[in-house]
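Undergrad: One structure, pasted below without further comment.
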Amino acid sequence: IDEEMIPLKYLDDFIIVDPGSGEKSTHEMSFAGFGIRAEEYSYNDYSDIAVKGKTVLYVSGEPKSDDENFSRGELRTRYASGREKIKTAKSMGASSVLGIARESLLARFSWAKLRQILSRPKVVLATVDKTSNSPAFPSVLIHKDAADLIFTGSGINYEEIDRQAKEGKLSSFHM
């Protein structure tokens, strides 16, 4: 943040979901709320921000809604999936993503279980034309206890973000 390194510990504070190319890079960051774009429900966390070439930061989960097909209380929809959020950020032109594991996610999967699942070796198959079927896209999951460091200098802290998320009223902004 502001050219200053943030001291986070691998596997304690964050898990690398996809290292991307492994090259060091610096990008501007935008907070994209839940990181959801669901046009069929007129919901778009990206409507007020341009993320092309930027790192997208989002929180796990999805907003509360009375529409049982979009958000069904404790039952998740496809929009709550980290994989779906990564896919959406990539389709919007983001260069990488940081997801924050909120308490609701950690209630379903302990951090130890997420570490086990997400940090295991991955196999990437090549297609007939020798290209990868899973192009590298840097993706990181951050533990909620380390999230305040990410919001340093943004004018808002993680506690406020989490409160807004619980109310389903997150606003996207550039950091």
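Here, each number is a calculation from the coordinates, and none is a lab measurement. Since the model is a prediction, treat every value here as computed from it, not as a measurement. Cβ coordinates were reconstructed from backbone atoms using ideal geometry, including for glycine residues, and neighbour counts include every protein chain displayed.
Undergrad: Packing-wise, with mean Cβ within 10 Å as the measure, how do 32-40, 12-20 rank, highest first?
TA: Result, highest mean Cβ count within 10 Å first: 32-40, 12-20.
Undergrad: Still on this structure, please answer the following. Using the per-residue mean of other Cβ atoms lying within 10 Å as a proxy for protection, in what order, highest first, do the peptides 99-105, 163-169 fall?
TA: 99-105, 163-169
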